[in-house]
Amino acid sequence: METLTDAILAIIMIGNTHYVDVGAGSDAIIFYETEKTAHMTLPGKEPLVGDMTVYADGYHVAWQGGPAGDWQIAHEAGAFTYIGPDGKAAGTITKIVPGNSEGY
């Protein structure tokens, strides 16, 4: 599995909504509004807004009223996988939709 770099992250993240299978019955939804702001709804939870910084091989997000951590997105044939702050796979992207498909 190869970790995506900042240029590739910008292409697949900024201005797009990710749907991520986190093993909870429904997907987590993350909209990357800008290179500095993200929105997320975890299954069964209220939406969060986060302050984000993109690095060379990942990004940091501090959710207002929630946790903060460094994340990466890795790729292998047919799959994009979120790698959590603990270095372990945290979920697989099921789809990427251009724009703010959830209306954050």
Next item on the list: For T34 and D57, compute 0.36 nm times the residue count separating them, minus their Cα-Cα distance, and round to one decimal in nm.
Entry: 6.5 nm
Notebook entry, point to check: Out of D86, D70, D21, any idea which swings most in a Gaussian network model of the chain, alpha carbons joined below 10 Å?
Noted result: D86
Margin query: Need one word for the chain: rounded, prolate or oblate. Basis is the Cα gyration tensor (sqrt eigenvalues a ≥ b ≥ c); a/c below 1.5 gives rounded, then a/b vs b/c decides.
Written below: rounded
Next item on the list: Would you mind counting up the charge near Y19? Only other residues with Cβ under 10 Å from its Cβ, with Lys and Arg at +1 and Asp and Glu at -1.
Entry: -2
Notebook entry, point to check: Got a sec? What order do I8, I30 fall in by accessible area at 1.4 Å, biggest, i.e. largest, first?
Noted result: I8, I30
Next item on the list: Roll a 1.4 Å probe over the protein chains and send me the accessible area per residue for the chain in Å².
Entry: 54 Å²
Next item on the list: Return the carbon/sulfur percentage of the accessible area of segment 1-65, one whole number, probe 1.4 Å, all protein chains in place.
Entry: 54 percent
Check: Taking a ≥ b ≥ c as the square roots of the eigenvalues of the Cα gyration tensor of segment 17-78, is the shape rounded (a/c under 1.5), prolate (a/b larger than b/c) or oblate?
Finding: oblate
Check: If you rank H39, H75 by how much accessible surface each has, with a 1.4 Å probe, what is the order from largest down?
Finding: H75, H39
Check: Alpha carbon centre of segment 40-95 versus segment 22-38: separation in Å?
Finding: 7 Å
Next item on the list: In a Gaussian network model over the chain where Cα atoms closer than 10 Å are linked, find which of G25, G69, G91 has the largest mean-square fluctuation.
Entry: G25
Note to self: Relative contact order of the chain, please, whole-number percent, based on alpha carbon pairs below 8 angstrom and at least 6 residues apart.
What the structure shows: 29 percent
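Want the number for A77 to E2: 0.36 nm per residue separation, take away the alpha-carbon distance, what's left? Walk me through the numbers before you get to the answer.
Values: separation 75, 0.36 × 75 = 27.00 nm, distance 0.99 nm.
So the extension gain works out to 26.0 nm.
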Notebook entry, point to check: Can you pull the accessible area of T3 for me, 1.4 Å probe, Å² to the nearest 10?
Noted result: 50 Å²
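The values are calculated or read from the model by the stated rules, or taken from the named source; none is laboratory data. Computed from a predicted structure; not experimentally measured. Don't worry about glycine lacking a Cβ; one is built from the backbone with ideal geometry, like all the others, and counts go over all protein chains shown. Just so you know, the surface numbers come from the protein's heavy atoms only, side chains and all, with ligands and any DNA or RNA stripped out. Shrake-Rupley method; radii C 1.70, N 1.55, O 1.52, S 1.80 Å.
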